[in-house]
Amino acid sequence: MKVIILGIVVTLLAFLGITGPDTAPVMQDPEGAEMLKGAENSIYYEDNETCFKCHAQDFYTLEDAESGLSQKRVMCQNYIVDRDEYYQSNHWSFACTDCHSWEFSNFPHPTAERLQDHFSCLDCHGYDEAYAQYHFEEIEEEYNASTHAEIEGFSCWDCHNPHSYEINIRTSTNLKETILYDNNICLECHGNYSNFRLLSDIDEVDVVVSHEWLPNQVAHFAGVRCIECHTSINDSILVAHHILPKEQAVRNCTECHSSDSRLMATLYKFEAKEQRKRGFLNGVIVNNSYVIGATRNYFLNVASVVIFAGLMLVLMIHVFFRIKKK
Amino acid sequence: MAKRFYLYPVWIRSWHLINAILFIILILTGLSMHYASMDNRYFFFTFESAVAWHNVAAFILTASYVFYVLGNIVTGNGKYYRIKRKKFMQKLVKQSVYYGYGMFKGEEHPFPVSERRKFNPLQKLSYVLAMYVGLPVLIISGFGLLFPEILVGQFFGISGLAYTSVLHATMGFILFIFMVIHIYTCTLGDKPSTLFKSMIDGYHEEH
Ligand code: HEM
């Protein structure tokens, strides 16, 4: 008896083939990966300190050269640039004055400069072979068709914080953290009314309430990104940017919870090739979570059908002999 | 020589009825989720309603399970489940041989039912395994899936969820197999309907 039980357990474990979590496959960044980020590697460190002197913390010193008077003043939260985040961001190697006019070296900053337009992503990245893999042009097209593009004053920079944005999903080694990072981008406005209000006049919408129809909301928001449901699938770019009107957002559970889960075309796009890894349908998902309906164990499913069929056969034979006896 | 005596008190019968109904709901909804498809082509529950029904049924089942365990302790019904080590293997073999061979030869039932012995050894073992191993594992893993943030995260790490889900589904399947066999063996009374009748009116009957 013990041997039989042990045998069953061992076979089951062998079927599962999972011995524990392992990390998602790493996408290597073809360029730049070997370049070490960080303040100590920036050639503009000293230059930037002239700005960070005021913009790195929640106060600055207001000085008057003529009278020699000086006083501490509050720096508005939105004007604070985190030094550490800055030197880890994509654009860490820049001087502040690469993007902002030289005139900002003077204080008070000239109003004319403050009203100047900023560069757009495409000004630097558009039609550049070096960034072809990102498909900037197509992203811009998608963005222009998205709901946000209609909003006055909205731009790529509103989601890609110029001083902290860092590519994530492409180089992710911890998907849960990437999901958190990406969702926080949206929650920067949709979870923070004071930011939201800068761009819209509508009353506060609590996203927790507007997603109440979704069970296990905590698990879902930690397991998928907002854009999984709010964008249309695009095959050629990694991160879909076409945010649809809310009426067209995904609400049908089986879009994700089924064998042809859209997660394979969104969140797990890059790893999707490894389908059926370890016998799991949509196997890559198992690294990070288990999506009922989408992640099925192929072997276990076959085994269950075989066992059930075998049982039915045995019972039928039994019935046959019972009838024969009568 | 007809035998007729009261064997299944009301509380067992009501628990059993509820248990059976819930179990069937859980299996159907569980399968609907496991084999969910975009067009709901396999089972008649949509994913959304399957989740809702499965959760509700699971909570009631947990309550009814607690009721069953307490009932067994309080009323002493638990004594029927006690397995005595001595010669248990031999007894199991004897019962199995009877089911597989002896009964076709018209042999006597090796462990006839009485007020002192409700279950034959095979029943005993399968009931104990199902009720005191299978069902607890199923319930605990189910709660782990319902509240992954408190349970799974702490004990297993990242993909503990996958592990728990597979355990839950596998155990559900095993208990489903138990149920099929259980229902089938319940047709092995005097007449195929006899044992079902006794689970309804409480009286065991033999001729
Ligand atoms: C529709 C499904 C079911 C039917 C028709 C059914 C039928 C029966 C019958 C006729 C008996 C009397 C047993 C006998 O005299 O040998 C019985 C007993 C029993 N059944 Fe079921 N059953 C069902 C589902 C289940 C399920 C799902 C479980 C547990 C997961 C279960 C657990 C038990 C137990 C533990 C007993 C012994 C009760 C006692 O303590 O006296 N049954 N069942």
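The values are calculated or read from the model by the stated rules, or taken from the named source; none is laboratory data. Values in this document were obtained by computation on a predicted structure and should not be read as measured data. All Cβ positions, even for glycine, are placed from backbone atoms using ideal geometry, and neighbour counts span all protein chains on display. Heads up: the accessible areas ignore ligands, DNA and RNA and are worked out on the full protein's heavy atoms, side chains in. Shrake-Rupley method; radii C 1.70, N 1.55, O 1.52, S 1.80 Å.
Tabulated results
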{"read-out": "Within region B:46-139, helices (runs of 4 or more DSSP H) holding 1 or more residues that are within 30 Å of A:Pro215 (Cα to Cα)", "value": "B:47-75"}
{"read-out": "Selection within region B:115-140 - free of Cβ contacts under 8 Å to residues at least 24 places away in the same chain and over 30 Å from B:Ser165 (Cβ atoms)", "value": "B:Arg116"}
{"read-out": "Selection count where residues are open to solvent by 50 Å² or more (accessible area, probe 1.4 Å), assigned to a helix (DSSP H, G or I) and under 10 Å from A:Pro162 (Cβ atoms), scope region A:82-101", "value": "1"}
{"read-out": "Qualifying residue in region B:32-55 (condition: in contact with a helix residue (DSSP H, G or I) (Cβ under 7 Å, 6 or more places away or on another chain), within 12 Å of the ligand (Cβ to nearest atom) and not hydroxyl-bearing (Ser, Thr, Tyr))", "value": "no"}
{"read-out": "Residue list for region B:170-186, restricted to those being within 10 Å of the ligand (Cβ to nearest atom) and more than 9 Å from every other protein chain (Cβ to nearest Cβ)", "value": "B:Leu175, B:Phe178, B:Met179, B:His182, B:Ile183, B:Thr185, B:Cys186"}
{"read-out": "Failed item, numbered, when B:Phe44 is tested on (1) more than 12 Å from chain A (Cβ to nearest Cβ); (2) modelled with pLDDT of 85 or more; (3) under 30 Å from A:Ile292 (Cα atoms)", "value": "(2)"}
